[in-house]
Structure formats: C-alpha cells, structure tokens
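The next block holds one structure in the form of structure tokens; read it before the comments.
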Amino acid sequence: MLIRATRNCPWNRCKFCPVYKGQKFGLRSLAEIKKDIETARVIQDKIKEISWKSGYGGSQVREAAAAVLNNPPDEAYHNVALWLYAGGENCFLQDSNTLIMRTKDLVEVIRFLKETLPSIKRITSYGRSDTAARKTLEELIELGEAGLSRLHIGLESGYDPLLEYMEKGVTAAKHIAGGKKIVASGISLCEYVLLGLGGEKMWREHALETAKALNEIDPDFIRVRTLTVKEGMPLYDEVENGNFIRATDERIVEEERLLIEHLDCHANFVSDHITNLLQEVEGKLPEDKERMLAVIDSFQSLSPEDRADFKLGRRVGIYTSLDDLHDLHRRDVVEQVKSRLSPDGSGVDEKVMYSLMERFI
Ligand code: SF4
C-alpha cells in the first residue's frame, strides 16, 4: 500500500535524478493523509464484502482482490487491491523524504495507519541522511516504537567531491551521522549505492569512500543500482557537453569489485535491479564476500566476445546470470539481436548499450 505523506522532494537538486524535477515539494496536512487512509479502509472493506458475496468466504480476500485487479474502477482501488493481493501487511509512506515531517505528526500518521488497517505489519519509507541527522535519537526511537520498520536512504556515494558535483546536498559525514542514528534507533536501515556514479574520472574514489562510509554506518541492507542517464536529468547535459564521462560496464564491474572488497560490515548486499549487470552478486556480509567476488572474477575472466555477448544479453533482458551463457537457445537469440544492431559485425556501440539499459527505467 502506498500512502502519500508528503509530495515530491524537498531537495530536488541531485543531478542524476529525474523523478520530481519541475514539481514543487509540499507537506500534506494530517487531515488529508488520514482521509486517504480511511478511504483505503473503505475500499478494503468493500473488497472483503465482494469476497463474501462471491462465495470466496471472508478468508479468501486474495481471490477477490485479484478479481478487482482485473478491472479496478480507479487508481485507489488498484492500490488497495494490489496490497491485499500481496497479503495486506506492508505499507510504504511516500514521497522522497517522509522524515522531514514533524516527528509528532509522522508518529500520529503511523499510529493511525496501524489502528485503521490493523493487518499492516511493516511500514517503510524514504528519508535523507541529512534529515535523519537532524532528528534526535529519541525522535527516531519514537518513530520506531510507533511502527516505522525500515528507512531507505539514498547514500549514492561516500566520496565528498562526487556528492558535491552531483549536488546531493549531503556530505559523507552527514551520511554517516544520519545512518548511525537510524541504526542506533533500532529502525532497520537500507542504504542505496549508485554504481557508475563516479564515471570514468572518480570511479576508484567513489568505490573506496563509499565502502568506508558504509563500514561506519553498518546498515542492515546495501542495495546497488546502476547509473542511468536520461533526458530531463541535469546529468544528461553534463554527459552531452563532455563534463561527465560515463563509465563502461567493465569499469562499473571493476568499481563494484573494489567496493565489495573494502566492505567490512554486516549488511545484506542486494542487487535486485534490472540495471545491474551482475544481479547475482548478492549475499550476506561478511560471510558471502568471497562468493560475490568470485562472480565478478568470472565475468572479468570471460573472453572479450563472451563479455560483449553477456552485456548485450543482459541489456535486452535475455540473460539473468552468467550461467545463461551456456544456454544455447538464449545465446542464439542474443546472436540474432546482435546481427540486427550491428549488421557489419563490428559490435554493438556503447551508446546503444546505454539506451537499451535505459529502456527499463
Ligand atoms: S534527494 Fe532523492 S528524490 Fe530528491 S533529488 Fe535527490 S535522489 Fe531525487
């Protein structure tokens, strides 16, 4: 279930982020948020009623939700039906920095949510390190006790010159202060890292300093995403005018290796995003580190032809892991795509590879 607690992003300046550009940030009143939660409750009750009337029985809400999902009357029904279909236990508070709300208001929203929709077990949200660092530890503990289960923070990088260049509005020290406070409060913490953010110039420092910041924070989860550059984000112009040189896939894998090699923390490393070339590089740190590095080594030791084949297969969604290179049918399909994209056999251009990846975003 998605409940919009604030609108858009109060910072909105990160060069690599297109999400809320051109849209004004706004807090929503408690009354407005509560009305949305009450509406969700009404829709939930109607879906449960449909379940009874269709003979599914009150315990078969999932089937009724699936029926509503086939033809939802509006977006609100779609949201609630999807939530019930998935078990009705998780709620995410939008938009980009819910922590910016006054703590007492956010606590009230969380409590109201749990009272109105008692099946909810997990409430998660986005927050900025800077905002977390400005809250007291007691405030964060209060939020955790009210029911805020996890915060997702866009760390992106731990390298100050890069954070400054990208206008992230946060230093590594702020990331560490905010992150450590969340960990100390008992709220689960997930930090997002943007692979490729350092481009060709700063990839090494990006990897090393990001590992350093993460080691200090010791979050529960580290999630990696790979930089995509699309029109509408300020970074697009930087790429076009040559100020930012994008890293190749090979470089990004090298950067990821350096990052993991220097991680000395206890996080679950998660790579659950289609933009990541090696999605199988996942595991619990520190015990799975060697296995994760071995996957990267396997990619790096492929012949140039196999590497190019794998990259293309990933970017068109045919391969999911390196093992798929042994699947002759998939390889054949990738070969056909290659001949279409590079009829003269010279190989698929890096720009085309980027655009294939960016189709997924
Ligand atoms: S803080 Fe987050 S949502 Fe806001 S501009 Fe930066 S990346 Fe985008």
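Inspect the range 190-197 for any residue being over 25 Å from Ile252 (Cα atoms), within 14 Å of the ligand (Cβ to nearest atom), of a type in the set (Phe, Trp, Tyr) and in contact with a Gly (Cβ under 8 Å, 6 or more places away or on another chain) and give the result as yes or no. The answer is no, given that none of the residues of the range 190-197 is over 25 Å from Ile252 (Cα atoms), within 14 Å of the ligand (Cβ to nearest atom), of a type in the set (Phe, Trp, Tyr) and in contact with a Gly (Cβ under 8 Å, 6 or more places away or on another chain). Within the range 170-197, the set of residues being in a helix (DSSP H, G or I) and of a type in the set (D, E, K, R) comprises Lys174, Lys180, Lys181. For Glu167, the test of being in a helix (DSSP H, G or I) and open to solvent by 50 Å² or more (accessible area, probe 1.4 Å) is failed.
None of Val253, Val224 is closer than 30 Å to Met292 by Cβ, at pLDDT 95 or above, in a helix (DSSP H, G or I) and open to solvent by less than 30 Å² (accessible area, probe 1.4 Å) except Val253. For the range 318-334, residues that are touching a residue at least 24 places away in the same chain (Cβ under 8 Å) and either touching a strand residue (DSSP E or B) at 6+ places or on another chain (Cβ under 8 Å) or not β-branched (Val, Ile, Thr) (or both) total 2.
Can you tell me how many residues within the range 117-131 are over 17 Å from Leu189 (Cβ atoms) and open to solvent by less than 20 Å² (accessible area, probe 1.4 Å)? Step through it out loud before you land on a result.
Quick first cut of the range 117-131, residues over 17 Å from Leu189 (Cβ atoms) only: 117-121.
Those still in the list that are open to solvent by less than 20 Å² (accessible area, probe 1.4 Å) too: 117, 120.
Total meeting the criteria: 2.
Flag: Val316 matches the condition of being at pLDDT below 95 and in contact with a helix residue (DSSP H, G or I) (Cβ under 7 Å, 6 or more places away or on another chain).
For Thr210, state whether it is β-branched (Val, Ile, Thr), touching a strand residue (DSSP E or B) at 6+ places or on another chain (Cβ under 9 Å), in a helix (DSSP H, G or I) and over 21 Å from Asn12 (Cβ atoms). It is true that Thr210 is β-branched (Val, Ile, Thr), touching a strand residue (DSSP E or B) at 6+ places or on another chain (Cβ under 9 Å), in a helix (DSSP H, G or I) and over 21 Å from Asn12 (Cβ atoms). The residues on offer are Leu99, Leu27, Leu93, and the sole one that is within 16 Å of the ligand (Cβ to nearest atom), in contact with a strand residue (DSSP E or B) (Cβ under 7 Å, 6 or more places away or on another chain) and open to solvent by 70 Å² or more (accessible area, probe 1.4 Å) is Leu27. Applying a threshold of 7 Å to beta carbon distances and a minimum spacing of six or more residues, or different chains, the list of pairs starting in the range 10-37 at a residue that is without any contact (Cβ under 8 Å) to a residue 60 or more places away in the chain and ending at one that is within 13 Å of the ligand (Cβ to nearest atom) and open to solvent by 70 Å² or more (accessible area, probe 1.4 Å) reads Phe25/Arg7; Gly26/Arg7; Arg28/Arg7.
Filter the range 308-329 down to the residues that are more than 26 Å from the chain's Cα centre (by Cα) and part of a helix (DSSP H, G or I), then identify the one that is surrounded by the most Cβ atoms within 10 Å (Cβ to Cβ). Show your work before the answer.
Applying the first criterion (more than 26 Å from the chain's Cα centre (by Cα)) to the range 308-329 yields 308-309, 325-329.
Add one more test, that the residue is part of a helix (DSSP H, G or I), and what stays is 308-309, 325-326, 328-329.
Details: Ala308: 18, Asp309: 20, Leu325: 18, His326: 8, Leu328: 8, His329: 9.
The qualifying residue surrounded by the most Cβ atoms within 10 Å (Cβ to Cβ) is Asp309.
Pairing each residue of the range 168-181 that is over 20 Å from Asn12 (Cα atoms) with any residue that is away from the ligand (no atom under 16 Å from the Cβ) and small (Gly, Ala, Ser), provided the two are 6+ apart or on different chains, yields C-beta distances under 8 Å for Ile176/Ala213; Gly179/Ala213.
Listed here are the residues, each with its yes/no results for (1) under 22 Å from the mean Cα position of the chain (by Cα); (2) of a type in the set (A, V, I, L, M); (3) within 16 Å of the ligand (Cβ to nearest atom); (4) not in a helix (DSSP H, G or I).
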site: Cys17; (1), (2), (3), (4): yes, no, yes, yes
site: Ile37; (1), (2), (3), (4): no, yes, no, no
site: Ala40; (1), (2), (3), (4): no, yes, no, no
site: Gln44; (1), (2), (3), (4): no, no, no, no
site: Pro72; (1), (2), (3), (4): no, no, no, yes
site: Lys104; (1), (2), (3), (4): no, no, no, no
site: Glu115; (1), (2), (3), (4): no, no, no, no
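Selection of the range 256-279 for residues being open to solvent by 60 Å² or more (accessible area, probe 1.4 Å) and at pLDDT 95 or above yields Glu261, His262, Asp264, His266.
Looking only at residues of the range 132-152 that are within 16 Å of the ligand (Cβ to nearest atom) and either touching a residue at least 60 places away in the same chain (Cβ under 8 Å) or open to solvent by 10 Å² or more (accessible area, probe 1.4 Å) (or both), we find that the one that is nearest to Lys121 (Cα to Cα) is His152. Ala76 - would you say it is open to solvent by 10 Å² or more (accessible area, probe 1.4 Å) and free of Cβ contacts under 8 Å to residues at least 24 places away in the same chain? No, not satisfied.
Checking the structure you have, find out if any residue of the range 176-183 is within 16 Å of the ligand (Cβ to nearest atom) and under 23 Å from Glu256 (Cβ atoms). The answer is yes; a qualifying residue exists. Scanning the range 1-15 for residues that are within 12 Å of the ligand (Cβ to nearest atom) and open to solvent by less than 40 Å² (accessible area, probe 1.4 Å) yields a count of 6.
The values are calculated or read from the model by the stated rules, or taken from the named source; none is laboratory data. Every value quoted in this text rests on a predicted model; they were computed, and no experiment measured them. So basically every Cβ, Gly included, is an ideal-geometry build from the backbone, and we count neighbours across all protein chains shown. These area figures cover heavy atoms from the full protein model, side chains too; ligands, DNA and RNA do not enter into them. Shrake-Rupley method; radii C 1.70, N 1.55, O 1.52, S 1.80 Å.
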